[in-house]
1. Considering (1) more than 16 Å from Ala18 (Cβ to Cβ); (2) hydrophobic (A, V, I, L, M, F, W, C); (3) within 13 Å of the chain's Cα centre (by Cα), say which one Ala136 fails and leave the rest.
2. Kindly evaluate Thr68 against the criterion of being open to solvent by less than 30 Å² (accessible area, probe 1.4 Å) and assigned to a helix (DSSP H, G or I).
3. Got a number for residues in segment 78-93 being in a helix (DSSP H, G or I) and surrounded by fewer than 17 Cβ atoms within 10 Å (Cβ to Cβ)?
4. Across segment 99-138, what is the number of residues that are closer than 20 Å to Ile67 by Cβ and open to solvent by 50 Å² or more (accessible area, probe 1.4 Å)?
5. Quick one: Leu117 ticks every box in (1) assigned to a helix (DSSP H, G or I); (2) in contact (Cβ under 8 Å) with a residue 12 or more places away in the chain; (3) not aromatic (Phe, Trp, Tyr) except a single one, so which number is it?
6. Within segment 43-62, does at least one residue satisfy the condition of being open to solvent by 60 Å² or more (accessible area, probe 1.4 Å), assigned to a loop (DSSP other than H, G, I, E, B), of a type outside the set (Val, Ile, Thr) and within 18 Å of Ser145 (Cβ to Cβ)?
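The values are calculated or read from the model by the stated rules, or taken from the named source; none is laboratory data. Note that the structure is a prediction, hence the values are computed from the model and not measured. Glycine also receives a Cβ, built like all others from the backbone with ideal geometry; neighbour counts cover every protein chain displayed. Only protein heavy atoms, including side chains, enter the accessible area calculation; ligands, DNA and RNA are left aside. Shrake-Rupley method; radii C 1.70, N 1.55, O 1.52, S 1.80 Å.
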Amino acid sequence: MAKAWKIILAAIVFMIVAQVIHTIESMLTMNYYTDPAYITVWSKIMMPTVGPPPTEFYYYSLTFSFITGLLFTVVYTAFEKSVPGNTFVKKGLMYGLLMWLVGGLSGSLAMVLLINLPIDLIAYWTVSGLIIDLIAGIAITKIVS
C-alpha cells in the first residue's frame, strides 16, 4: 500500500481536479440551476434560497471531493497490480475508465430513472464525471505508483 502522505496528496489532487471540472460544467449548465421548474430538486445545502449557493456549499463540495479522492486512491492502491497498462498514463486512463463505468455511468443511468431532471443535464454530469475520473486516474497513478 502507498504511503499515507501519497494517498492524501492524491486525494487533494482529485479534489482540485473535481472542483475545476465542476466549476466549468456549472458555467455551461447554469440555466438548469436557475430554472424555476427545478428549484425543488436542489438540496437546501446547495440552494437554501433562489440564487447562487452559499459559501458553506463550497466547503461541503471540497470536503466531499476530498473524501471521494481518498476512496478513489485507496481502491487504486488495493487493485494497482490488476489494472492493465504499462505506463502510468495508460494505467491511469484504464483505472479512471473502470471507476467511471462502475460508479459514474451506472449512477447516471439510475438518475435518469429516479430524478426529474433534463437528460441533457445528466449527460453533462456524466461526461464531466468521466473527465474527472480519467484525469484523476492519471494523476493518482503517477503519485502513488
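1. Status for Ala136: all satisfied but (1).
2. Working: open to solvent by less than 30 Å² (accessible area, probe 1.4 Å): no; assigned to a helix (DSSP H, G or I): yes.
Spelling it out, it is not the case that Thr68 is open to solvent by less than 30 Å² (accessible area, probe 1.4 Å) and assigned to a helix (DSSP H, G or I).
3. Initial filter on segment 78-93 (in a helix (DSSP H, G or I)): 78-82, 88-93.
Then drop every residue that is not surrounded by fewer than 17 Cβ atoms within 10 Å (Cβ to Cβ), which leaves 78-82, 89-90.
Residues in segment 78-93 being in a helix (DSSP H, G or I) and surrounded by fewer than 17 Cβ atoms within 10 Å (Cβ to Cβ): 7 in total.
4. Selection size over segment 99-138: 6.
5. Unmet condition: (1).
6. Taking every residue of segment 43-62 in turn, none turns out to be open to solvent by 60 Å² or more (accessible area, probe 1.4 Å), assigned to a loop (DSSP other than H, G, I, E, B), of a type outside the set (Val, Ile, Thr) and within 18 Å of Ser145 (Cβ to Cβ).
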